[in-house]
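Single-structure report; data block below.
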Amino acid sequence: MKGLLVVVSGFSGVGKGTLMKELLARYPDQYALSISATSRKPREGETEGVEYFFKTHEEFKKMIDEDAFLEHAVYNGNDYGTPKDFVYQKLEEGVNIILEIEIQGGFQIKSQFPDALLLYVIPPSAKELVNRLRKRSTESEAEIFHRLQQAVTEAGLIENYDYVVMNDDFEICLNEIHQMICLQKKSRMLRKKYALGLRDELVAITSKENE
Ligand code: 5GP
């Protein structure tokens, strides 16, 4: 596979959606964003096939039975899953594909694709996270409280991610994410392309010196 599989996770409200939109706008040839299926109800302003493919729980279960997902998980009582086909197609085209998914899904991806890059976006502080959640005013206070409880659980698992980036200054964070992806891709290419060739050269040199 030529493209890189990139998982971007982060506490609800940390701004990862805005970061990913901007990454795609700036580098349209390099990135594609996977669109997940979910059994969650659409929020105001969300469009079918843009933010998500909205499914009933039964439709979602059918997709699981048909092995249509790369990974899937239950979050906040709703089903979320990454459809396989689009991801494979983009990877084959050499495009880096971004999965903006929660942490359980991230671990499923890493176990299937050890080459995948797992990034976790954190806020500068817990207080700032609460501010951001309230500011976007898409959730009720009870939902916000629930999402913060979820964040407590997730906080203990972050260390299993490859990199953690802080979304304090938007531009810096965006740049760091782009650089990490470029470096990971380059390193993977160098490892594959040169490691064996270099080994053969070293074998040739050392065997000559032993003669
Ligand atoms: P929201 O309901 O706020 O759009 O998303 C809730 C959480 O589900 C977010 O952390 C989001 O990243 C995650 N999510 C979205 N799509 C998927 C998916 O396909 N798989 C998994 N595992 N999580 C997802």
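Read the figures in this text as sums done on the coordinates, not as results from a lab. As the structure is a prediction and not an experimental result, all values here were calculated from the model. Here the Cβ positions follow ideal geometry from the backbone for every residue, glycine too, while neighbour counts run over all protein chains shown.
Quick notes on this structure:
- Applying 0.36 nm per residue to the separation of GLU44 and GLN179 and subtracting their alpha-carbon distance, the gain on full extension is 45.2 nm.
- Sorting LEU33, LEU157, LEU99, LEU202 from the fewest to the most surrounding beta carbons within 10 angstrom yields LEU202, LEU157, LEU33, LEU99.
- Computed from Cα atoms, the angle from the helix 170-210 axis to the main principal axis of the chain rounds to 20 degrees.
- Calculated FRET efficiency for the pair THR206/TYR27, C-beta based, R₀ 41 Å, to 0.05: 0.45
- Whole-number percent relative contact order across the stretch 1-97, with pairs defined as alpha carbons under 8 Å at least 6 apart: 40 percent
- Residues listed by number, the stretch 31-51, amide nitrogen under 14 Å from ALA68 label point at 7 Å toward C-beta: 35-40, 49
- For the stretch 7-96, applying the loop criterion from DSSP together with a ceiling of 16 other beta carbons within 10 Å to the GluC sites (Glu not before Pro) yields GLU44, GLU46, GLU51, GLU66, GLU93.
- Considering only ALA73, THR206, VAL8, the residue lying farthest towards the positive end of the dipole of the chain is THR206, judged by Cα position with unit charges set on Cβ.
- The DSSP beta bridges internal to the chain are antiparallel in roughly 30% of cases.
- Shape of the stretch 64-194, Cα gyration tensor, a/c cut at 1.5: oblate
- Potential lengthening between SER187 and ASN131 on full extension [0.36 nm per residue; Cα-Cα distance subtracted]: 16.4 nm
- Nearest-ten-degree value, helix 16-26 long axis tilted from longest Cα axis of the chain: 60 degrees
- The stretch 1-71: C-alpha gyration tensor shape, a/c 1.5 cut-off, then a/b vs b/c: oblate
- Contour minus Cα-Cα distance for GLU171 and THR153 (0.36 nm per residue): 3.7 nm
- Helix content alone sets the calculated 222 nm mean residue ellipticity of the chain: runs of n ≥ 4 DSSP H residues at -39500 (n - 2.57) each, divided across all residues, give -16500 deg cm²/dmol.
- Relative contact order computed over the chain (Cα-Cα under 8 Å; 6+ residues apart), in percent: 28 percent
- Set of the stretch 68-83 residues, backbone N closer than 18 Å to the point 7 Å along the Cα-Cβ line of GLU58: 79
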